[in-house]
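All of the numbers you see were taken from the coordinates with simple rules; none came from a lab. Since we're looking at a predicted model, the values are computed, not measured. Using ideal geometry, Cβ is built from the backbone for each residue, glycine included, and neighbour counts are taken over all protein chains shown.
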Amino acid sequence: MLCGSIVVLSGCAHLPLRPEQTSDVVPDTLQAQGAHWTTVPTQFVKGGDVTFAYRELGEHNEGVPVVLLTHLAAMLDNWDPRIVNGIAAKHHVVAFDNRGVGSSSGEPADSIEQMAKDAVLFIKAKGFKKVDLLGFSMGGMIAQEIALTEPDFVRKLITSGTGPAGGEGIDDIKSVTYGDMFRGYLTFQDPKQFLFFTRTPNGIRAGKEFLARIALRTEDRDEEISFSAFFAQLNAVKAWGRAKPRDLSKIVHPSLVANGDDDRMVPTENTYDLARRIPNSELVIYPDAGHGSIFQFHAKFVPQVLEFLAQ
């Protein structure tokens, strides 16, 4: 249970993960429907001049859908099935490819502002009147921009591994990313093992388990991001890090702000800054965790999200 406005999950950094934290168990409600993030079909919807690729899971009831906004270089298959399945057990969850990324059409956006406009296009194309936003990393930047520019579309805001415009160290994204891509090349590992997770035994194990989970889908996999789209996104995040700070006091939506205590991509100080500047926010910091803390601590993050959305 979230106690007050700040929760720091200390004292468990060196505990072994429980079996339920590493297995890919489908919640009973989804199992009964025969649904799972690794098998749900890809669909398409036209929004403005873009045909967006998307997937959705969970009950399509009268509740507010949860729209997922993804990270740098990501497409649909980069979402952790443990997180999507867990949230979809109680909510309608929708994820989509950004313009010019994965299976979505168009030229890739080169600014966070344009990505936010495109996300709103997608939300409108789906006919949603109000949504909950869950943004990871670059997706958290997009979520902030939507909350500021289109506040009536947003009910609640969840961000992780992200920071505000002009945030400390965000404009170093290129050097950090290129450095870890090179480390991955030299060691024959996915760069996300270095970018998302700490180099402690817990972090290394969590990274391997996460990479195994996002590889579970074997059919109808999405297209990998192109080099042009990747560079456009890198430039967009770098520009966000150099941008003039926004007035985050205008984000009045209930907000859950999460990160690991050792984020190298978007330094963790930015998460504390977000929580201080967004008036109605709750902060969760996971120990011995980096940029991908919500993937490492999915067994804690999902219940926290469900509780937050139910409040």
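Loop-located trypsin sites (Lys or Arg not before Pro) in the stretch 116-159 (DSSP state other than H, G, I, E, B) with a sparse environment of at most 13 neighbouring Cβ atoms within 10 Å: Lys129, Lys130.
Given a cut-off of 19 Å, what percent of all Cα-Cα pairs of the stretch 29-117 lie beyond it?
It works out to 40 percent of all Cα pairs.
Think of it as helices only: each DSSP H run of n ≥ 4 in the chain is worth -39500 (n - 2.57), and spread over all residues that comes to -11000 deg cm²/dmol at 222 nm.
Ordering Met265, Met75, Met141 from the fewest to the most neighbouring beta carbons within 10 Å gives Met75, Met265, Met141. Going from the residue with the fewest nearby Cβ atoms within 10 Å to the one with the most, Arg82, Arg276, Arg264 rank Arg276, Arg264, Arg82.
What Kirkwood radius, in Å to one decimal, follows from the Cα pairs of the stretch 92-135?
Values: mean 1/r = 0.0895 Å⁻¹.
So the Kirkwood estimate lands at 11.2 Å.
The order of Tyr286, Tyr178, going from fewest to most other C-beta atoms within 10 Å of their C-beta, is Tyr178, Tyr286. Peptides 52-62, 221-231, 253-263 ranked from most to least packed by the mean count of surrounding Cβ atoms within 10 Å: 253-263, 52-62, 221-231. Computed over neighbours whose Cβ is under 12 Å from that of Pro287, the net charge equals -2, Lys and Arg +1, Asp and Glu -1.
In the structure shown, the pairs Lys129/Lys156; Lys117/Lys250; Lys117/Lys174; Lys130/Lys192 are assessed against 21 Å; a Cα-Cα span above that value is assigned to Lys117/Lys174; Lys130/Lys192.
The amide H of Leu69, built 1.01 Å from its N in the peptide plane, has Leu134, Gly135, Phe136 as neighbours under 5 Å, considering only residues 5 or more places off or on other chains. As a rough guide to protection, the peptides 85-92, 299-306 ranked by mean Cβ packing within 10 Å, highest first, stand as 85-92, 299-306. The chain gives an Rg/Rh value of 0.92, both radii derived from C-alpha positions and Rh following Kirkwood. Taking square-rooted eigenvalues a ≥ b ≥ c of the alpha carbon gyration tensor, is the stretch 214-311 rounded, prolate or oblate, where a/c under 1.5 means rounded and, failing that, a/b exceeding b/c means prolate? Oblate shape, in that a/c is at least 1.5 and b/c is the bigger or equal ratio.
Looking only at Thr218, Thr200, Thr162, which one moves most when the chain is put into a Gaussian network model with springs between Cα atoms under 10 Å? Comparing Thr218, Thr200, Thr162 in a Gaussian network model of the chain, the most mobile one is Thr218.
Prolate is the label for the stretch 202-253, because a/c, from the alpha-carbon gyration tensor with a ≥ b ≥ c as root eigenvalues, is 1.5 or above and a/b exceeds b/c. Shape analysis of the stretch 134-281 yields a ratio of the Cα radius of gyration to the Kirkwood radius, Rg/Rh, of 0.99.
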